[in-house]
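S.K.: I'd like to ask you about the structure that follows.
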Amino acid sequence: CHGTHRLFELYTKRNFRCDCGNSKFKNLQCKLFPEKSKVNSGNKYNDNFYGLYCTCKRPYPDPEDEIPDEMIQCIVCEDWFHGRHLGAVPPESGDFHEMVCQACMNHCHFLWAYASQLAVPPLTKANSLENEGIVLKVEESEEQKKEIIKESGVEHQDTKEEKQSEQFNEPSTSSGSEFLNTYGYCSKFLQKFPVEIAETTSEFSFCKLKELQSKPFVKKDTATFWPSNWRNKLCTCEDCLKMYSDLEVQFLTDECDTVLAYENKGTSDQETERRDPLMDTLNSMNRVQQVELICEYNDLKTELTDYLRRFADEGTVVKREDIQHFFEEFQSRKRRRTNRMQYYCS
């Protein structure tokens, strides 16, 4: 349907269906869906649909922007951003697979709890001077990082219980106490009755998010960068699933929604298009069937070439009736050859 349309490649867009055939374009009917409704109610349009990108709302490529910069797509809003406008300098492109922009991190505030454990740290803290076209990179020292944590009102506490748990080789728990594990059981009691407790705790709804939120974490006004397979580490308990639905980000738990899955599907489709149908058919046959098919193919190729050469020598046009006549004759000769075929057994 879109062969004659003027298209703009925006990469992935979840909530969008082509507007051809609706009220936006008069006298243009969609060839794939002729009964398309007048309005695509499920469509969500952002600035990209008007040729504007990033927080700077500039076109791409921008004729007035002389600073070389890579643009990165946010996996939540699917808008594109300049690397220098993300609040932090992105890691090397091979170190992370997905990015969530500042606005989407504020919208999906729960991701900050996961970021402390899963996110790829940015290279530096960046202050951008747009008017002068200069990007300053300031490395964060360990002391500065501690100050940031203190300013946020969160400090790491080295409790006596943690030290004791290290001495007895007992794992520290989310509450920081040696007495209670995630489900509220005494750790010493668990050592005595591991099987019975394992069966009992399977009935409880364990929330990974609440466990992470009980630990210190820092919120920043920056984008975050994530490694591959980070989505399958998100909690899928009943409360979290409801939260994803309320925030309209249910797709975060869908591994088929990732950019990597999208690219792999495109690569697979291209390989399918490049495959030779004849070779696929041959690979599905046994040896005898392969030989018979190859012989029939060679016979057809030879006879069709000889038949068409006569038209070329005479300078005449090949008509539809000529092709139909050829295949009728070919099928007739094939039946005669089959009837005369003799089979021998050894």
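S.K.: Just to be sure I understand the filter: pairs with C-beta atoms under 8 Å, separated by 6 or more residues or on different chains, first member in the stretch 285-300 and surrounded by 12 or more Cβ atoms within 10 Å (Cβ to Cβ), second member outside any helix (DSSP H, G or I) and not polar (S, T, N, Q). Which pairs pass?
M.R.: These pairs meet every condition: LEU293/MET285.
S.K.: Can you name the condition, by its number, that ILE323 falls short on among (1) loosely packed, with under 12 Cβ neighbours inside 10 Å; (2) modelled with pLDDT of 85 or more?
M.R.: All conditions pass for ILE323, except number (1).
S.K.: A follow-up question, please. I'd like the full set of residues that are hydroxyl-bearing (Ser, Thr, Tyr) and over 29 Å from PRO59 (Cα atoms), limited to the stretch 1-39. Show your work before the answer.
M.R.: Of all residues in the stretch 1-39, those hydroxyl-bearing (Ser, Thr, Tyr) come to 4, 11-12, 23, 37.
The answer is SER37, and nothing else.
S.K.: Can you find a residue in the stretch 100-121 that is surrounded by fewer than 18 Cβ atoms within 10 Å (Cβ to Cβ), under 24 Å from CYS256 (Cβ atoms) and without any contact (Cβ under 8 Å) to a residue 12 or more places away in the chain?
M.R.: Within the stretch 100-121, not a single residue is surrounded by fewer than 18 Cβ atoms within 10 Å (Cβ to Cβ), under 24 Å from CYS256 (Cβ atoms) and without any contact (Cβ under 8 Å) to a residue 12 or more places away in the chain.
S.K.: Is there a residue being under 17 Å from the mean Cα position of the chain (by Cα), open to solvent by 30 Å² or more (accessible area, probe 1.4 Å), modelled with pLDDT under 90 and not hydrophobic (A, V, I, L, M, F, W, C) anywhere in the stretch 85-94? Lay out the reasoning, then the answer.
M.R.: To start, the set of residues in the stretch 85-94 that are under 17 Å from the mean Cα position of the chain (by Cα) comprises 93-94.
Among the residues that remain, those that are also open to solvent by 30 Å² or more (accessible area, probe 1.4 Å) are: 93-94.
In the following step, the residues that additionally are modelled with pLDDT under 90 were identified as 93-94.
Those left that are additionally not hydrophobic (A, V, I, L, M, F, W, C): 93-94.
Checking the stretch 85-94: at least one residue is under 17 Å from the mean Cα position of the chain (by Cα), open to solvent by 30 Å² or more (accessible area, probe 1.4 Å), modelled with pLDDT under 90 and not hydrophobic (A, V, I, L, M, F, W, C).
S.K.: What's the number of the only condition in (1) open to solvent by 80 Å² or more (accessible area, probe 1.4 Å); (2) in contact (Cβ under 8 Å) with a residue 40 or more places away in the chain; (3) touching a Ser or Thr at 6+ places or on another chain (Cβ under 9 Å) that ASP239 fails to meet?
M.R.: (2)
Quick grid of which residues meet (1) modelled with pLDDT under 85; (2) not assigned by the TED database to the domain that holds HIS97:
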{"site": "THR236", "(1), (2)": "no, no"}
{"site": "LYS242", "(1), (2)": "no, no"}
{"site": "ASP246", "(1), (2)": "no, no"}
{"site": "ASP257", "(1), (2)": "no, no"}
{"site": "SER268", "(1), (2)": "yes, no"}
{"site": "ARG287", "(1), (2)": "yes, yes"}
{"site": "GLN290", "(1), (2)": "yes, yes"}
{"site": "LYS319", "(1), (2)": "no, yes"}
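The values are calculated or read from the model by the stated rules, or taken from the named source; none is laboratory data. No experiment lies behind these values; they were computed from the predicted model shown. Ideal geometry is used to build each Cβ from the backbone, glycine not excepted, and the neighbour counts take in all protein chains shown. These accessible areas exclude ligands, DNA and RNA; they are computed on the full protein's heavy atoms, side chains included. Shrake-Rupley method; radii C 1.70, N 1.55, O 1.52, S 1.80 Å.
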